[in-house]
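Below is one structure, written out as structure tokens, with a few remarks after it.
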Amino acid sequence: MHPVFERGLLFMNDITKPFNFILPTEIKYGEDSIAGLPGILKDRDIESVLLITDPVIKVQPFTADLLQNLSLAGINVTVFDRVEPNPKDYNVMEAAAAAVDMKARGIIALGGGSPIDCAKAAAVVAAFGGKVRDYEDSSKITGDALPLFTVPTTAGTGSEVTFSSVITDTSENFKFTVKSSMIAPKIAFIDPLLTHSMPPALTAAVGLDALTHAIEAFTARNANPLSDAAALHAVELINRSLVRAVRSPKDRTARDDMMNGSLLAGIAFSHSDVAAVHCIAEALGGKYDTPHGVCNAVTLPAIMEYNLDYGVSRYARIASAMGLPFGSEEEGARRAVERVKLLVKETGLPEFRSFGVQDEDLQELAENSARNGSNKDNPRPMTAEDYMTVLKRLMA
Ligand SMILES: [Fe+2]
């Protein structure tokens, strides 16, 4: 064990490691920013687009408005609305085929993380052919995918600005990631008004996904000063507004905070990483199709406790970002964990046991968690046995 890890002083004695920071996505933030999308497509000579969404978002009034504005601008649009939660490999292949069939010059992704992740992967398959799992090997993405324009309708995923896409391989019930800056969206139109119709349970789940992105990005071994800055501000915004956004869906300030928090957390984790919480959440989502944000929410406090000795200073800084008073760093780290537990409770999310996890599945879940690409960045090195320990605690 490295002595720095042993003392729980991760990062404190290190000078800054070399890092690259690339943010290829232009961000257009603000209420009604979506109104500018048709004109920008016209300016780029993109006159035929595939709009990828899901059946819930397809029937929202803002979708009708967008389709009407695209039509008025003379843009040919085909709607693909068959994206499922935890997007599946076949969703991507069908969406890519639809893009090829209509000779799409670009893709609009409208929705939460599922349509956006599906769209990123479909943009690659439509451009280069093959099967989506081929692109788990990012060296196979040899150029720009079809240009992608993202419009998030939830505040949580951050996928509107990240260059990763998490897809379920349905033959293995395993989630894999396609990750390359070549699949980064060209422009993200981020309009907090689009989140006002989210019901409380969804607001809570996606908001805790965003908080998990921020906390994992800040404590991941691949963190750097720029991801740190984004992560800590995300923690501050989400901590102060999550419960308000859940209880008062039309609170513009709370929705604005959550949208900014989600965006910042997305920037943070795409330049740092996520870690063990996401490793478990993706194993659960792949196996049981449970909502990603809920999986993170129920797992986050348990992993923070498990990691605590390996990142006391960092967890204490999270407590500071949450405005929590404390004496020693150990006390601060503990208070951060307690605060996260309280947020999960106050937002009314279900408990781990409600997922219906079977004892006989635990070994498979532990092994799939350990082979997740983000496991290497957890502050505490974790094997499948470590994941087994955490999963058994969650089951208890
Ligand atoms: Fe996530």
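Just so you know, all these numbers are worked out from the coordinates, no wet-lab data involved. Note that this is a predicted model, so its numbers are computed, not measured. Neighbour counts are summed over all protein chains in view; Cβ atoms, including those assigned to glycine, are modelled from backbone coordinates with ideal geometry.
The residues packed around Ala302, meaning those with a beta-carbon under 12 Å from its beta-carbon, carry a net charge of 0 if Lys and Arg are +1 and Asp and Glu are -1. Our coupling estimate for segment 309-321, obtained by passing each phi through the Karplus curve with A = 6.51, B = -1.76, C = 1.60 and θ = phi - 60°, is 5, 9, x, 4, 4, 5, 5, 5, 5, 5, 4, 4, 4 Hz, Gly and Pro reported as x.
Here the calculated FRET efficiency for Asp65 and Arg247, from their Cβ-Cβ distance with R0 = 25 Å, stands at 0.35, rounded to the nearest 0.05. Partners of Lys250 within straight-line reach, counting aspartates and glutamates whose Cα lies under 15 Å from its Cα and excluding those fewer than 8 residues away in the same chain: Glu31, Asp191. With R₀ fixed at 41 Å, the C-beta to C-beta distance from Asp32 to Gln363 puts the FRET efficiency at about 0.20. Available extension along the chain between Ser181 and Phe326 is 48.2 nm, counting 0.36 nm per residue and deducting the alpha carbon span. Could you check which residue among Lys58, Lys287, Lys17 shows the biggest mean-square fluctuation in a GNM of the chain with a 10 Å Cα cutoff? Of Lys58, Lys287, Lys17, the most mobile in the Gaussian network model is Lys17. When the chain is described by a simple charge dipole with +1 on each Lys and Arg Cβ and -1 on each Asp and Glu Cβ, the residue from Met93, Pro200, Pro249 located farthest towards its positive end is Pro249.
Comparing Leu72, Leu148, Leu51 in a Gaussian network model of the chain, where Cα atoms under 10 Å apart are tied by springs, the biggest mean-square fluctuation is seen for Leu72.
Charge dipole (Cα centre; +1 on Lys/Arg Cβ, -1 on Asp/Glu Cβ; no other charges) of the chain amounts to roughly 520 debye. Going down the table (Lys120/Lys341; Lys17/Lys186; Lys58/Lys140; Lys140/Lys175; Lys175/Lys392; Lys345/Lys392), which pairs top 26 Å between alpha carbons? Over 26 Å Cα-Cα: Lys120/Lys341; Lys17/Lys186; Lys58/Lys140. Of Glu216, Glu346, Glu329, the sequence from fewest to most neighbouring Cβ atoms within 10 angstrom is Glu346, Glu329, Glu216.
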